1. How large is the charge dipole for segment 1-50, taken about the Cα centre, if only the Cβ atoms of Lys, Arg (+1) and Asp, Glu (-1) carry charge, to the nearest 20 debye?
2. How high is the relative contact order of the chain? Use alpha-carbon pairs under 8 Å, at least six apart in sequence, and give a whole percent.
3. Report ³J(HN,Hα) in whole Hz for each residue of segment 108-120, in order, from the Karplus equation J = 6.51 cos²θ - 1.76 cosθ + 1.60 where θ = phi - 60°; Gly and Pro get x.
4. Skipping prolines and chain starts, which residues have an amide H placed within reach, meaning under 5 Å, of the one on residue 168, given they are 5 or more residues away or on another chain?
5. Using the number of other C-beta atoms within 10 angstrom as an exposure proxy, rank 365, 78 with the fewest first.
6. Mean separation of Cα pairs under 8 Å and 6+ residues apart, divided by the residue count of segment 121-249: what relative contact order is that in percent?
7. With all distinct Cα pairs included, what does the Kirkwood hydrodynamic radius of segment 90-155 come out to in Å, to one decimal, could you say?
8. In percent, what relative contact order does segment 121-181 have, based on Cα pairs under 8 Å that are 6 or more apart in sequence?
Amino acid sequence: MADTIDTAGEFFLPPGKHYLCGHSLGAQPRRARELVLAELDSWAREGVDGHFKADAPWYSYHELVREPLARLVGARPSEAVAMNGLTVNLHLLLASFFRPARRRTRILIDEPTFPSDRYAVLTHLAHRGLGPEHLLSVPASDLEATLTNRGDEVAVVLLSAVNFLTGEVLDIKRLADAAHRQGCLFGLDLAHAAGNIPLALHDDGVDFAVWCSYKYLNSGPGAVAGAFVHSRHGDDVSVPRLGGWWGNDPATRFRMHLEADFRPVRGADGWQLSNPPILSLAPLRASLELFDRATMPALRARSLELTSAFLSRIEGARGVEVVSPREPERRGNMACLRVSFDPRPALEREGVVCDFREPDILRASFCPLYNGEADVEALARALARST
Ligand SMILES: Cc1ncc(COP(=O)(O)O)c(C=O)c1O
């Protein structure tokens, strides 16, 4: 095996546990505490002047994460922004990019779909006076055929780059090209992809994408989310959108009562609504520093090693069916298993933290920033002891 990526010591992990739940809530980077405390101190010391006089002024604080975030998802810096929550960002970007017209009134999504995405899409349709029959929902294996046969009815394709339940990785470039050939816009939910697999959103031609930061991006419960808008849309300030003062051109943002018109700034920043949550951005800074240190290609190589080692270790185990794709390039760092027994007592005994979804799905992720072989062994042992 390759050398362990030397970032494990940079995290607080639940003591005595094998923490395999990064697909749900990532571990806390030690520096997150320091960076949050620094902002609490600035607030105590400076009050409102912290907006411009703090060591890292709050007015431009969100800009500190722009470049590392863009690197992580393969975007140009102006195409990525940290704001809101994932579902809020999805609504904001659907408001811009779902423009039903004539025959092209449908949104195509992949199954299984995370409920929040489904609700977002259904309520967007309803908002435009369109019923649920305008939602086309198909398994990933049927996406290309659906695009070929019904692509001219589809306004937006919205897919999960890595599926939340199976861990399957989609071929983003291929699907984006297939959608564009049919004249559809192509958006992604990266909740399980950002920080898990290398991404090339700009080069793959993705139109828009959203992600959360509390899973693989280790930024804490309810952390500030991310959004990507391709420069071909972001550079066009006439793209319709829901506006707020933080998306306005910073040059006139503070002219409050003097400038009545909304003038969006270019780039993904032009979709911002509110002034950014500094205490939520601070942990994201800490986490992104570690991604920059470890680099995404090295993390991917290591996560494939750990996941492959785990899957070989449980090969042939009684009562365990592997749901995640077998081919390494088609899965992320999450192993998804269907089990014919209740694994919870043995997981508890071995100190393994992962998740079990009734009635029979176990999901465990091997996050190379802080997981290693001992975690692989602990989960394999728990499963062996369950049968
Ligand atoms: C695939 C997927 N999409 C959307 C969401 C919703 O995210 P949020 O609560 O940040 O809006 C989640 C949350 O776990 C998710 O896993």
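FYI, it's all coordinate maths here, none of it is from the lab. These numbers were taken from a predicted model, which means no experiment stands behind them. Don't worry about glycine lacking a Cβ; one is built from the backbone with ideal geometry, like all the others, and counts go over all protein chains shown.
1. 280
2. Dividing the mean separation by the residue count of the chain yields 23 percent.
3. Values, residue by residue: 9, 10, 9, 10, x, 10, 5, x, 4, 5, 4, 5, 4 Hz.
4. 163
5. Starting with the residue having the fewest Cβ neighbours, the order is 78, 365.
6. Over segment 121-249, the number comes to 16 percent.
7. Averaging 1/r across every pair of different Cα atoms and inverting gives 12.1 Å.
8. Once normalised by length, the contact order is 24 percent.
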